[in-house]
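Each remark here refers to the structure printed beneath this line.
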Amino acid sequence: MNDHAPLLSVRDLHKSYPSAGGDLVVLNSVNLSLSRGVAMALMGPSGCGKSTLLNIIGALDTPTSGAVSVDGQDPFSLDRRALARFRNHKIGYVFQDHHLLPQCTALENVLAPTLAFRDNPDRSDRARELLQRVGLAARMDHRPAEMSGGERQRVALARALINEPRLLLADEPTGSLDRRAGDQIAELLRELTAADGVAMIVVTHSAMLAGAFAKCYELRDGALTTSGAAA
Ligand code: ADP
Ligand code: MG
């Protein structure tokens, strides 16, 4: 893999959904390139297609046309098993709701992605270290119901990073938190990805949060435009 090639490249991406009154065009020629370790904020009004774009980049959804390349790989050329491996190894996901397993402890939740493939290495030490880094050293054995919303989201953050992904995708990760907990999560996201050299796309409605990122784009009428001073 050429170190100078962008980590993420999105070319002429289109996505439309068939609907009764004709196709609903959500993405209309999106182009984007992101280098290793660069953090980008993605803004735009509700319903403009931010989640759709993130889900396609994360290979959770497929485009109508266009190309995506992550770390030199086209996820849409992979068979089912290779695609599952690609998602597990290359991409970390943080959603608005934590999606933690309710019956598992914080530590077990962080380790869950390491169990997806038999040949994944034992990452128990890294899991403990990540939980420490997100300030949850004293909560490793707590179950989700025994933690606050901010704590649960910090567990989700540690889980997203456990397999050392190249790209972290966070879709409104602070959306269900109060302001203070949300700011802490945002700050942690920046610290952790910067320290580990992970590229990141964060969907946010907070201009303040977005302003702190190296790149800031807005999705408008299906296309990306640079937004704010940071871009
Ligand atoms: P955002 O995350 O920016 O709020 P979404 O990406 O969730 O927006 O949705 C973009 C648009 O696509 C919305 O108008 C939504 O109603 C539509 N949409 C999303 N998923 C589907 C689907 N599976 N079928 C039809 N329309 C969809
Ligand atoms: Mg959304």
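Every number in this text was worked out from the coordinates using simple rules, so none of it is lab data. Only a predicted model underlies this, so the values are computations on that prediction, with no experimental measurement involved. FYI the Cβ positions are ideal-geometry reconstructions off the backbone, even for glycines, and counts take in every protein chain you see.
Observations, loosely collected:
- Comparing Val30, Val94, Val155 in a Gaussian network model of the chain (Cα springs below 10 Å), the most mobile by mean-square fluctuation is Val30.
- Mean separation of Cα pairs under 8 Å and 6 or more residues apart, divided by the residue count, gives the chain a relative contact order of 28 percent.
- Each other residue within a Cβ distance under 12 Å of Ala199 adds +1 if Lys or Arg and -1 if Asp or Glu, for a net charge of +2.
- Note on region 8-226: percent of Cα-Cα distances in each 5 Å bin, starting at 0 and stopping at the bin with the largest distance, equals 1, 7, 15, 19, 20, 16, 12, 7, 3, 1, 0.
- Most positive-pole-ward Cα, Asn31, Leu8, Met43, against dipole of the chain from beta carbon charges: Leu8
- Where only DSSP H runs of four or more residues are counted, the chain gives -9000 deg cm²/dmol as its mean residue ellipticity at 222 nm, each run worth -39500 (n - 2.57).
- For region 1-118, dividing the convex hull volume of the Cα atoms by the residue count gives 160 Å³ per residue.
- Span from the region 83-143 Cα centroid across to the region 51-79 one, whole angstrom: 23 Å
- Only Lys, Arg, Asp and Glu carry charge here, each on its Cβ (+1 for the first two, -1 for the last two); on that basis region 79-165 has a dipole of about 260 debye about its Cα centre.
- Interchain or long-range residues, amide H under 5 Å from Met200's placed H: Val38, Ala39, Met40, Leu168
- Each Lys and Arg adds +1 at its Cβ and each Asp and Glu adds -1 at its Cβ; summed about the Cα centre, the chain shows a dipole of about 160 debye.
- Distance histogram for region 119-231 (every C-alpha pair counted, 10 angstrom bins, percent rounded to whole numbers): 13, 42, 32, 11, 2
- Highest-MSF residue in the chain out of Ser77, Ser19, Ser69 [GNM, Cα springs under 10 Å]: Ser19
- In degrees, nearest ten, helix 80-90 long axis to first principal axis of the chain (Cα): 70 degrees
- Placing unit charges on each Cβ (+1 for Lys and Arg, -1 for Asp and Glu) gives the chain a dipole about its Cα centre, and among Val155, Ile91, Ser124 the Cα reaching farthest toward its positive end belongs to Ser124.
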